[in-house]
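The structure appears right after this line, and notes come after that.
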Amino acid sequence: MNAFDLLRARGFIQQDTGEEKLRAAFDAGPVVFYIGFDPTADSLHAGHLLQVQLMAWLQQLGHVAIAVVGGGTAAIPDPTGKTELRAFLDSRQLSDNTQGLRRQIERFLVLDGERGHLVDNAEWLMKLQYIPFLRDIGKHFSVNKMLTSEAYKIRLERGLSFIEFNYQILQAFDFLELFRRYRCTLQCGGDDQWGNILAGVDLVRRCEATEVYAFTTPLITTATGAKMGKTAGGAVWLDPARTSVFDWFQYWLNVDDRDVGRFLRLYTFLPLVECQRLEALPGADIREAKRVLARELTVRVHGAAAAAEAERAAEAMVSGLASADLPTHAVDRNSDAARLLVVLAESGLAKSRSDARRLVEGGGVTVDGTRVDDPDLHLGTALAAGPVVVRVGRKRAVQVVVR
């Protein structure tokens, strides 16, 4: 199957610069393509993983991947999707974040200088001279056209800074630089970047008199309308220090039934026919499809051993019994820390003590399988006999142990 057709069949394609031309380019030989990741944090999250998976697919099909960590563009706030000016990152934050992203990306792609490259656009953007850049590159950009971009229209309502206005030009220049260095002819990215991506396509055409291509991936939302990779507690991160392996596994295990097939196609390498079989499982059997999804994604991000441990912990949580595989929360048995509402808040099962009180009073909390209605219940006596399992609903639990 042509690479473009495979990606479309799996759900990766949203907008493109021409299906037939892209198919022809993929058929003609290895395509050098790139995706950028701005280091606004020191870890990728589940939303970014879609782009990483796209790169891995194309690389497996024989195409050449360039992962661009945007140490230069991240210094300029991207106005896309923002109603306010994004906070500036200092040089230390940018450096730390860049290194964090590099370490993660290296785990998923072959970056040997032939089949794949990992570069930082600070290497060329930080060396630009302002006046020559304006004369050579800025002259190709129409202010009127730039202002029609959705990203700029949204920010214009609240005030668009001059520094934000430069972001599209710098991202476009990345494509030109990568074309010149690596003969890169394809840029991919999230659909919210379509305007910036098209600016790069146009810049390469103007400066090099050659045709290059682009396509975007859909902005994934769940069946409930929530943004992909977001929970009540924030983003679902690849870094286990930000999102534990157990919570990562649970996120995928608990996706909406309507999302299972789509996520299997996008986030795993399972054959399409297997994704379709799992998606079609009837009734409660769809739980097995979710387990496959969670297992595949946890193995991919955290390794087989961590995935097996998280799966055992998930089974232990369903049983309601104490288990070494459950997430633990240690307390001093005779201290205030052993009060139920404190345990709920400090372990992350509740957002705060007031939230913990509401959960208990609403009947959503059990201790060793028994529903409790007293948020001030002290667990000290129960802890004298061994670990205590505190559960919120069916999907979240922690094993309380004595420190």
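Just so you know, all these numbers are worked out from the coordinates, no wet-lab data involved. Values in this document were obtained by computation on a predicted structure and should not be read as measured data. Here Cβ is always computed from backbone atoms with ideal geometry, including for glycine, and neighbour counts include all displayed protein chains.
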Stick to Cα atoms and the Kirkwood definition of Rh, then tell me Rg/Rh for region 328-402. 0.91
Would any residue of region 103-145 have its amide N under 15 Å from a label point 7 Å out along Cα→Cβ of Arg180? List them or say none. 121-140
Jot down the per residue volume, in cubic angstrom and as a whole number, of the convex hull over the alpha-carbon atoms of region 156-275. 187
Given Lys127/Lys153; Lys227/Lys290; Lys153/Lys227, the pairs whose alpha carbons are separated by over 26 Å: Lys127/Lys153
What is the distance in Å between the Cα centres of region 343-380 and region 87-107? 38
From fewest to most C-beta neighbours within 10 Å, the residues Asp112, Asp332 line up as Asp112, Asp332
If I fit a long axis through the Cα atoms of helix 46-60 and take the longest principal axis of the Cα atoms of the chain, what angle between them do I get, 0 to 90°, rounded to 10? 60
If you take all C-alpha pairs in region 1-145, what percent of them are over 25 Å apart? 41
Work out Dmax and Rg for region 103-228 from the C-alpha atoms and quote the Rg first, both in angstrom. 16.3, 49
Kindly identify region 238-392 as rounded, prolate or oblate by the Cα gyration tensor criterion: order the square roots of the eigenvalues as a ≥ b ≥ c, call it rounded if a/c is under 1.5, otherwise compare a/b with b/c, prolate if a/b is larger, else oblate. prolate
How long is the chain along each principal axis, judged by its Cα atoms, biggest number first, in Å? 77, 47, 37
In whole Å, what is the distance between the alpha-carbon centres of region 188-242 and region 125-156? 20
Among 375-386, 338-349, 214-225, 26-37, the order from most to least packed when residues are scored by Cβ within 10 Å on average: 338-349, 26-37, 214-225, 375-386
Here the FRET efficiency for Asp285 versus Lys153, based on Cβ atoms and R0 = 35 Å and rounded to 0.05, is 0.15
Global geometry of region 230-319, whether rounded, prolate or oblate, following the gyration tensor of its Cα atoms and the 1.5 cut on a/c: prolate
log₁₀ I(q)/I(0) of region 1-79 at q = 0.13, 0.17, 0.18, 0.21 Å⁻¹, via Debye over equal Cα point scatterers, no solvent, to two decimals? -0.47, -0.76, -0.83, -1.02
Most packed first (mean Cβ within 10 Å per residue), the peptides 67-78, 193-204 order as 67-78, 193-204
Counting DSSP beta bridges with both ends in region 328-402, the antiparallel % (nearest 5): 75
Which order results if Val260, Val236, Val273 are arranged by neighbouring Cβ count within 10 Å, fewest first? Val273, Val236, Val260
Highest GNM mean-square fluctuation among Glu208, Glu296, Glu311, for the chain with Cα springs under 10 Å, belongs to Glu208
Order of Tyr267, Tyr182, Tyr251, Tyr130 from fewest to most other C-beta atoms within 10 Å? Tyr130, Tyr182, Tyr251, Tyr267
Antiparallel DSSP beta bridges within the chain, percent to nearest 5: 40
Compute the angle between helix 91-108 and the longest alpha-carbon principal axis of the chain, please, reported from 0 to 90 degrees and rounded to the nearest 10. 80
